[in-house]
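Notes for the one structure printed next.
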Protein chains: 6
Amino acid sequence: MPYVNIKITREGATPEQKAALIAGATDLLAKVLNKNPATTFVVIDEVALEDWGVGGLPVEAYRKQALGRLGRDG
Amino acid sequence: MPYVNIKITREGATPEQKAALIAGATDLLAKVLNKNPATTFVVIDEVALEDWGVGGLPVEAYRKQALGRLGRDG
Amino acid sequence: MPYVNIKITREGATPEQKAALIAGATDLLAKVLNKNPATTFVVIDEVALEDWGVGGLPVEAYRKQALGRLGRDG
Amino acid sequence: MPYVNIKITREGATPEQKAALIAGATDLLAKVLNKNPATTFVVIDEVALEDWGVGGLPVEAYRKQALGRLGRDG
Amino acid sequence: MPYVNIKITREGATPEQKAALIAGATDLLAKVLNKNPATTFVVIDEVALEDWGVGGLPVEAYRKQALGRLGRDG
Amino acid sequence: MPYVNIKITREGATPEQKAALIAGATDLLAKVLNKNPATTFVVIDEVALEDWGVGGLPVEAYRKQALGRLGRDG
């Protein structure tokens with residue numbers, strides 16, 4: 001009876017893509033560990049860009065910085 | 001100082017029902033483990049139906065499938 | 001299909017006490033929101049005292065400080 | 001930069017099986033949402049049987065009850 | 001590659017304050033454990049007041065009760 | 001009343017380092033959002049290397065691969 005939590009940034013994932021994540025995660029547990037899909041839960045959390053940080057910066061600032069660095073190096 | 005997280009599908013739980021979950025979970029920890037309510041946190045997450053999967057399907061598709069099966073079997 | 005996560009400090013909770021938490025949390029969701037126990041998951045995490053902080057201190061240091069304060073005030 | 005948390009009961013998953021879960025979850029996010037594997041985290045939690053409840057019972061009691069029901073019905 | 005999750009009540013934290021939380025948590029892991037900021041994730045969850053409980057009450061009711069107690073005692 | 005969860009790989013963090021994480025995270029919430037340390041919880045989870053994945057690999061395999069790439073490139 002696995003529980004899978006998938007956190008992604010909120011950037012327009014469609015219901016179809018979410019359904020694909022749910023199906024894929026459930027299949028993965030069934031294939032690798034023989035877990036019963038009927039008792040596998042998948043919960044997706046979409047996180048606003050301002051609420052997700054990496055490299056010490058909110059995601060958008062982080063991406064701009066990374067692009068700037070590419071620009072300078074190019 | 002327990003921390004309790006309750007995840008439910010978003011289907012119209014009222015503030016009164018949420019207050020009952022908070023009171024009930026806090027009482028449970030006090031009764032079973034003698035935990036101090038003053039330092040017991042309860043956090044409720046409501047999850048959109050498209051973000052919760054079971055049986056490899058988003059909840060709504062899962063419920064339709066289950067109903068269809070009941071219909072065929074009945 | 002609720003998912004409940006209960007985090008407590010690791011201080012000797014018995015299997016019977018854990019079973020009481022599982023039964024109690026499941027009943028609570030059934031009573032308050034009419035959730036089906038068959039699809040209610042409860043996961044208990046026991047956290048070592050050195051891994052839990054409150055008031056800016058690990059739990060044991062926090063408790064000593066609180067006792068000291070009581071002593072001074074008493 | 002997704003974060004995936006997989007909770008399973010502790011029943012002897014091998015390092016190879018865990019590596020397969022990590023690879024599979026990372027691939028899933030790459031295929032469905034074009035997420036970069038380099039910034040995809042997967043964290044696996046193994047939960048002791050006495051700490052996981054379903055149907056209001058710890059997993060082992062739940063399984064015994066389910067088997068008993070099958071026996072009576074068979 | 002740490003993962004930090006910060007849950008706060010939703011009471012108007014600004015993007016600048018969230019950026020300060022992200023920077024501060026990332027610095028903390030770098031200073032204390034020499035963790036690489038590039039692989040440190042911080043995720044902030046804002047929780048509605050009715051979804052957060054303490055002392056067996058939703059936060060707003062808890063605050064009113066605490067104020068009332070101060071009033072009586074004062 | 002914030003709740004902070006810090007997940008790190010299990011690689012020998014000492015009780016003193018954990019206490020520094022607890023103090024630092026609590027201070028951060030007090031400074032940035034004026035949160036009361038008395039109702040700030042910090043929970044640290046140490047995750048075994050085989051249970052943490054990045055880049056589609058368990059941490060140790062990921063680090064070996066990264067070193068190998070540095071060697072080839074150097």
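The values are calculated or read from the model by the stated rules, or taken from the named source; none is laboratory data. Because the structure is a prediction, the values reported are computed rather than measured. Cβ atoms come from the backbone with ideal geometry, glycine included; neighbour counts cover every protein chain shown. These area figures cover heavy atoms from the full protein model, side chains too; ligands, DNA and RNA do not enter into them. Shrake-Rupley method; radii C 1.70, N 1.55, O 1.52, S 1.80 Å.
Before moving on, here are some points about what is shown:
- Each other copy places its own label point for E:A48 at 1.4, 1.5, 3.7, 3.9, 4.0 nm from this one, sorted shortest first, where the point lies 7 Å along the Cα-to-beta carbon line.
- Percentage of interatomic Cα-Cα distances in the protein assembly as shown larger than 30 Å: 45 percent
- Whole-Hz couplings from phi, Karplus 6.51/-1.76/1.60, listed for the stretch F:9-19; x for Gly and Pro: 5, 7, 9, x, 4, 8, x, 5, 5, 5, 4
- For the protein assembly as shown, the share of DSSP beta bridges that are antiparallel, to the nearest 5, is 50%.
- On a per residue basis, chain F carries 45 Å² of accessible surface, using protein heavy atoms and a 1.4 Å probe.
- In a reduced charge model with +1 at each Lys and Arg Cβ and -1 at each Asp and Glu Cβ, chain A shows a dipole moment near 220 debye about its Cα centre.
- Identity and axial distance of the chain B residue whose Cβ lies nearest the axis relating B to C, Å: B:N5, 2
- Pairwise burial A:E, computed as accessible area of each alone minus the pair, summed, 1.4 Å, Å²: 1100 Å²
- Formal net charge of residues neighbouring A:E11 (Cβ-Cβ distance under 14 Å; K, R +1; D, E -1): 0
- Label geometry 7 Å along the beta-carbon vector: C:E60 inter-copy distances in nm: 2.9, 2.9, 4.2, 4.6, 5.3
- Computed from backbone phi, the HN-Hα couplings of the stretch F:24-37 come to x, 5, 5, 4, 4, 5, 5, 6, 7, 10, 6, 7, 6, x Hz, rounded to whole numbers (Karplus: 6.51 cos²θ - 1.76 cosθ + 1.60, θ = phi - 60°; Gly and Pro given as x).
- Nm distances between copies for D:R10, ranked from closest, using label points 7 Å along Cα→Cβ: 0.8, 0.8, 3.6, 3.7, 3.7
- With the whole protein complex present, F:W52 retains an accessible surface near 0 Å², based on a 1.4 Å probe.
- Each semi-axis of the equivalent ellipsoid for the stretch B:3-73 is √(5λ) with λ an eigenvalue of the Cα gyration tensor; in descending order they amount to 33, 13, 11 Å.
- Residues of the stretch B:1-26 buried by at least 50 Å² of accessible area upon assembly of all protein chains, compared with the chain on its own (1.4 Å probe): B:M1, B:Y3, B:N5, B:K7, B:K18, B:L21, B:I22.
- Distant-in-sequence amide H partners of C:K35 (H built 1.01 Å from N, under 5 Å): C:A30
- Protein heavy-atom surface of the protein assembly as shown, 1.4 angstrom probe: 53% of the accessible area is carbon and sulfur, with nucleic acids and ligands not counted.
- Sequence-distant contacts, meaning Cα pairs under 8 Å at least 6 residues apart, place the relative contact order of chain C at 37 percent.
- For D:V47, the residues whose modelled amide H falls within less than 5 Å of its own, excluding neighbours fewer than 5 places apart on the same chain, are D:I8, D:T9, D:R10.
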